[in-house]
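Asker: Please see the structure below; I have some questions.
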Amino acid sequence: MLCAGKDSSSVVQWSQCPPAGGSRNCRDGPEPEPQSSETEWDLVNAATYRRRGGSAAEGAMSRSQDRSRWAFSAAVGDLRSVTVKDEGWTFLILQLKEPSTSCSTSCSTSSTLPPLHFHQGGSREFLDSLRRFALLSESAEDEACLLVSTPNRALSQSFENLLDDNNYSLVHKFRRDPYVTTLGSFSKVTNYILEALRGAEEAQQRPPEEVADLLGDIIPGLEINQQEEPGFEVITRVDLGVRPPVSRAAPLSPEDWRRHRDAEGSMVDTQRLRHAVFKGGLCHAVRKEAWKFLLGFYPWSSTLEERKSLHRAKTDEYFRMKLQWKSVSEEQERRNSRLRDYRSLIEKDVNRTDRTNRFYEGLDNPGLVLLHDVLMTYCMYDFDLGYVQGMSDLLSPILYVMESEVDAFWCFVSFMDQMHQNFEEQMQGMKTQLIQLSTLLRLLDLSFWNYLEAQDSGYLYFCFRWLLIRFKRELSFQDVLRLWEVLWTGLPCQNFHLLVCCSILDSEKQKIMEEKYGFNEILKHINELSMKLDIEEILQKAEGIYEQIRSCKDRPRSISVILGLDSEAGDAQQEAPFSNGHGGDVSCEQRGAGAAVGGAKPGRADLISRTS
């Protein structure tokens, strides 16, 4: 029997002592007490067996022996039934059709395999995955028993591969946890996605138009391109005119930054300063100070003394919140499932966030400790939201620049004020942004949008990760710093990040259409753009798209709302230090041949006539 140690840092082996006269086989000193009454169970895929003392070679041999002793495998085709037992915990009993030569286990003389219990949960997921390879039906005698029947084609899939990413339904995983899927499995897009969406058995039967409905069900309320109003069609299009050329500038130097600071330390001519940051970004030496202004931690008009006073107050506030979770005892945390879950997620994410960056690489890196502590403290700051996977990606560059947990925390708070809706359970921010992006793309290139629609890709699901964590996984680390500081200026309009998306799609549309990419190939192609994008080229094209839209006299009102180009919104935008990143809700117009962009109501740019 393999049991985890009390601190979960090691695994020890023990066996029940036989009757008098028998012998014991306990390796690590006195026989430990059983952790539960499940003495008849084998713990499959146990944590690493760490033997105290002994040579490394002996330890490796011990691990190999323990794994082989308790491991088993069987072909799915040899499986007769799966019985789901619930005796305070859930476990599965797998029955084979007959003793099989393909079953390799210590109990091979029996047709029943060792019971399976998933200590962290997973019985339902295991069965869902098994259904992709076999038909499970309830037994007439016992509703807890699921009879297994397999298709005629040979199946040699073993249990250890059932939950592999390449076989597990992407849609199921996305529905259960969109963040993990987007940041993890979605980065491994291959040819299995189309089958995962449509179902292996019905891939040839499901009408293509239903695929968009499937993904629409994943994010309830995301009804892109499904707001048709029967009896109407758009009969005119908007002429955007020629896209004007734009140029980028050099990064703002420390000398240029200092010239915008008066004798008392207040920043002057901030509109011009923000424009310079938008056009060229910042030299790295300036970022530590400038980002605090761009993110709103420091007011632009504050003096040096006011900032020192503010920093002292914010430092005290930070450490008071940090003390709250630091002082929680193990007994308290045992009764606080939410805090326990937050801590578990944070520890997992911290260990895999930007580990190739020198600031976070290696074991026992102090940067990882700071990353962990800031995220835990944010849970105290906003306990309703707590921690959602993906937030570590947003904090990492900020902590890298600030090199201070207090400064990084308050800048992260400001950034999360903009990104908050992306991580809420209802994902309202994601819904709104995908709808807005679809609206913009239809205006900019109707033929490309229609092509995506024809390939069941009009919902722009492949942009989900771009929007969720602001291109953090698409660009190199240094390019992420440049893009974020440009976006934080709030120039030249609100929701400029949506035009960045349009810029990337504009660069890729020719290849997608010329190669006649289908649904699957589009997902794969967009995903493989990661780390291959030129940030300066993207920003230049995005600014050109903005100028093209801004100069259009017949610009649809819905576009003006998204980008804040109405007269009142434009005036407010000039005063705002940065955009909130979301904009207003926009209703998409009906799809179909010749569809243009706009709200459902007739306006200057969208002339609508009733058809018979």
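Here, each number is a calculation from the coordinates, and none is a lab measurement. Note that the structure is a prediction, hence the values are computed from the model and not measured. Every residue, glycine among them, receives a Cβ derived from its backbone with ideal geometry; neighbour counts consider all protein chains shown.
Asker: Take the alpha carbon gyration tensor of the range 227-351, find the square roots of its eigenvalues, order them as a ≥ b ≥ c, and report rounded if a/c is under 1.5; if not, report prolate when a/b exceeds b/c, else oblate.
Answerer: Verdict is oblate for the range 227-351.
Asker: Rounded to the nearest 0.05, what FRET efficiency do A249 and W300 give with R0 = 30 Å and r taken as the Cβ-Cβ distance? Could you check?
Answerer: 0.90
Asker: Taking every pair of distinct Cα atoms and averaging 1/r, then inverting, what Kirkwood hydrodynamic radius in Å comes out for the range 248-296?
Answerer: 10.8 Å
Asker: In terms of Cα to Cα distance under 20 Å, which lysines are near enough to K524, apart from those fewer than 8 places away along the same chain?
Answerer: K524 reaches K173, K188, K472, K509, K511, K516, K532.
Asker: Which loop-located GluC sites (Glu not before Pro) does the range 508-538 contain, where loop means any DSSP state but H, G, I, E or B and the Cβ has at most 16 other Cβ atoms within 10 Å?
Answerer: E515, E528
Asker: Assuming 0.36 nm per residue, please report the length gained on full extension of the stretch Q426 to S530 beyond their Cα-Cα distance.
Answerer: Roughly 34.7 nm would be gained on extension.
Asker: So, one more: Could you order peptides 455-461, 301-307 by the average number of other Cβ atoms within 10 Å of their residues, highest first?
Answerer: 455-461, 301-307
Asker: Something else now. How far apart, in nanometres, would the label points at F383 and R259 be if each is projected 7 angstrom from Cα along the Cα-to-Cβ direction?
Answerer: 5.1 nm
Asker: Normalised by the residues of the range 455-556, what does the relative contact order come to in percent, with Cα pairs under 8 Å and at least six apart?
Answerer: Over the range 455-556, the number comes to 40 percent.
Asker: Suppose each label sits 7 Å from its Cα in the direction of the beta carbon; what would the E347-R334 distance come out to in nanometres?
Answerer: So the two model labels end up 1.6 nm from each other.
Asker: Oh, and also: By how many nm would the segment from N365 to Q548 lengthen if fully extended, with 0.36 nm per residue of separation less the alpha-carbon distance?
Answerer: Stretched fully, the N365-Q548 segment lengthens by 61.1 nm.
Asker: With r as the distance between the Cβ atoms of D566 and S404 and R0 = 35 Å, compute the FRET efficiency 1/(1 + (r/R0)^6) and round to 0.05.
Answerer: With R0 = 35 Å, the Cβ-Cβ based efficiency is 0.30.
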